[in-house]
Amino acid sequence: MLYPVDYSSLPLEIENVGNGTAVNLRIGFNYADNKESHEFLIPTMLKQNQTIYINIFSTEKPEIICGEYVLEFSYEDIYKNKYGQQFPVKFEKAEDGQGSPSIILDGKQKRI
């Protein structure tokens, strides 16, 4: 049976614009205030100019998921140098009652 469901969705297109393959690319989405344990998806490889698509999605009520999060990418180059990028994400409750995500896309690559 179909029925209306509250949801929040943040679809993203991710492209490797670097000079080589991103080896062991791990994508994490965690609470911003959780500094101790970050969880990541299973590692994958992203070749130069290759694109992948992800969707951060929740059917929880917006007031439950509202808060600040960090979208994090961790990867290596073919020489085993490790890099990371972090992007702040905020979920807020919109006027229509739905979850309204916003993301700041000025993340800088850092060598780890």
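The values are calculated or read from the model by the stated rules, or taken from the named source; none is laboratory data. Because the structure is predicted, anything quoted here is derived from the model rather than measured. Backbone-built Cβ (ideal geometry, glycine too); neighbour counts: all protein chains shown. Remember, those area values only see protein heavy atoms, side chains included, never the ligands or the DNA or RNA. Shrake-Rupley method; radii C 1.70, N 1.55, O 1.52, S 1.80 Å.
Screening the stretch 69-112 for residues that are among the acidic types (Asp, Glu) and modelled with pLDDT of 90 or more and picking the one that is farthest from residue 34 (Cα to Cα) gives 77.
Among the residues of the stretch 87-102, some residue qualifies, meaning at least one is open to solvent by 100 Å² or more (accessible area, probe 1.4 Å) and part of a loop (DSSP other than H, G, I, E, B). Within the stretch 61-81, if we keep just the residues that are farther than 21 Å from residue 106 by Cα and loosely packed, with under 14 Cβ neighbours inside 10 Å, the residue that is farthest from the chain's Cα centre (by Cα) turns out to be 79. Within the stretch 23-44, the only residue that satisfies the criterion of being in contact (Cβ under 8 Å) with a residue 12 or more places away in the chain and over 16 Å from the mean Cα position of the chain (by Cα) is 23. Per this entry, residue 52 is counted among residues that are touching a residue at least 24 places away in the same chain (Cβ under 8 Å), among the β-branched types (Val, Ile, Thr) and not in a loop (DSSP other than H, G, I, E, B). Restricting attention to the stretch 11-41, which residues are part of a loop (DSSP other than H, G, I, E, B) and surrounded by 13 or more Cβ atoms within 10 Å (Cβ to Cβ)? Hits for the stretch 11-41 are 16, 18, 21, 32, 38.
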